[in-house]
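Have a look at the structure below, then the notes.
The values are calculated or read from the model by the stated rules, or taken from the named source; none is laboratory data. Because the structure is predicted, anything quoted here is derived from the model rather than measured. Here Cβ is always computed from backbone atoms with ideal geometry, including for glycine, and neighbour counts include all displayed protein chains.
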Amino acid sequence: MARSIRGTNITYSEILFQIGLHLLVFSFYSFDKDNPQITPQQIIFFLNYAVAAFIINYVLLPRFFYRKQYFAFFLFVALIMAGVIIMEELVLEKIYFPDTRGRSFPGVFYSLLETLPVITILSGFKFAWDAIGKQREVDELKAAVKESELQFLKSQINPHFLFNNLNNLYSYAIENSPKTPEIILELSSVLRYMLYECREAYVMLSKEIEQLHNFVKLSELQIEERGTVRFHAEPYSGSYRIAPLILIVFVENAFKHSTASQASNIEIDIHIQLSDGGELTFVCKNSYLPQSNQDRVSHGIGIENVKKRLELIYPDDHQLQIEQRETEYIVELRCQLERTTREWK
């Protein structure tokens, strides 16, 4: 962010820009091939224009034009232009050219043709500078809103995951199951990853898959002998990164609805593949019984959450297909990932 002068909104970069602009415009204004030199009267006449442009740029634009008081703005501009012409025709020309140009007034139209282009250029570039600055502020605001929304959506995942697994842990604890310590360890590992390693916008794909596998092992304890869980992630080369906690929502959804609708013959199949060009293909299939009120499967907080995150993070680089068949629920996500340009620990 550019530094501003204390007490004003003017930045040092804007001052340098204005100085360069005035020098450039003055060089064109004072150029005369027959007499290639700068005279004192040229400087004085140009200062008359520069003062008028300064008032328009730093008084009228912020006080009237940017507040949509257009009538007052153009009224004061007209008064300033009249003042410039009066100063030039009735004062400066009578001082520097008393026997030639200062002897008569050429008319308002001719005077405007001489003064208006210079002032318009000086004021127009200031308006363009402000417009670029406003657009930059809008872009920064949009980025901040996007980041805030992403953080909010991500924060919803942790309690959503935690509530589901604490219920499972409670059931095993009530039964004094010997698997309770194993569940606590797996839960601790996954929560540590969610709370401490997912703070950045992206994580290494290998780390995400590793924790996804841990989550599958944790969730697999819910099924025990009631079915089969297959998890397959093809080996890949390259340092690709992915937004964290995207895939886990679909896996959690598969376990949740399969175990809720079926007492046996549960089938969950998870397949992850990465192409040489960095396109991730994630397929998650789970069985369910249609009579178990599965019509709301795709409308849980987790699924809606991940859809919003995908739209924010990968707006044009993902394809999500969710298909609900008679006895099978299929999620297929294709997402173009980027290589990391930094070293990850």
In this structure, does residue 226 turn out to be of a type in the set (Lys, Arg) and touching a residue at least 40 places away in the same chain (Cβ under 8 Å)? yes
Show the residue pairs that are 6+ apart or on different chains and have beta-carbon atoms under 6 Å apart, the first residue being within segment 326-340 and under 20 Å from residue 276 (Cβ atoms), the second being charged (D, E, K, R) and modelled with pLDDT under 95. 336/279; 336/317; 340/241
Quick check on segment 84-93: of everything there that is of a type outside the set (Val, Ile, Thr) and surrounded by 14 or more Cβ atoms within 10 Å (Cβ to Cβ), which residue is farthest from residue 53 (Cα to Cα)? 93
Tell me, please, whether a residue that is of a type in the set (Ser, Thr, Tyr), farther than 30 Å from residue 311 by Cβ and either at pLDDT 90 or above or loosely packed, with under 12 Cβ neighbours inside 10 Å (or both) can be found in segment 94-109. yes
Out of (1) within 21 Å of residue 198 (Cα to Cα); (2) part of a strand (DSSP E or B), the odd one out for residue 249 is which? (2)
Across (1) assigned to a helix (DSSP H, G or I); (2) touching a strand residue (DSSP E or B) at 6+ places or on another chain (Cβ under 9 Å), residue 260 clears everything bar (2)
From the residues in segment 27-58 that are aromatic (Phe, Trp, Tyr) and more than 40 Å from the chain's Cα centre (by Cα), which one is modelled with the lowest pLDDT? 31
Just to be sure before I move on: is residue 208 under 35 Å from the mean Cα position of the chain (by Cα), crowded, with 17+ Cβ neighbours inside 10 Å and among the charged types (D, E, K, R) in the structure I sent? yes
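Output the residue which, of all residues in segment 292-339 that are outside any strand (DSSP E or B), of a type in the set (A, V, I, L, M) and touching a helix residue (DSSP H, G or I) at 6+ places or on another chain (Cβ under 8 Å), is modelled with the lowest pLDDT. Write out each step before concluding.
Step one: list which residues in segment 292-339 are outside any strand (DSSP E or B), which gives 292-317, 325-327, 337.
Narrowing the set further to residues that are of a type in the set (A, V, I, L, M) leaves 297, 301, 303, 306, 310, 312-313, 337.
Then keep just the ones that are touching a helix residue (DSSP H, G or I) at 6+ places or on another chain (Cβ under 8 Å); that gives 297, 301, 303, 306, 312-313, 337.
Working: 297: 45, 301: 56, 303: 80, 306: 83, 312: 83, 313: 86, 337: 93.
In this case the residue turns out to be 297.
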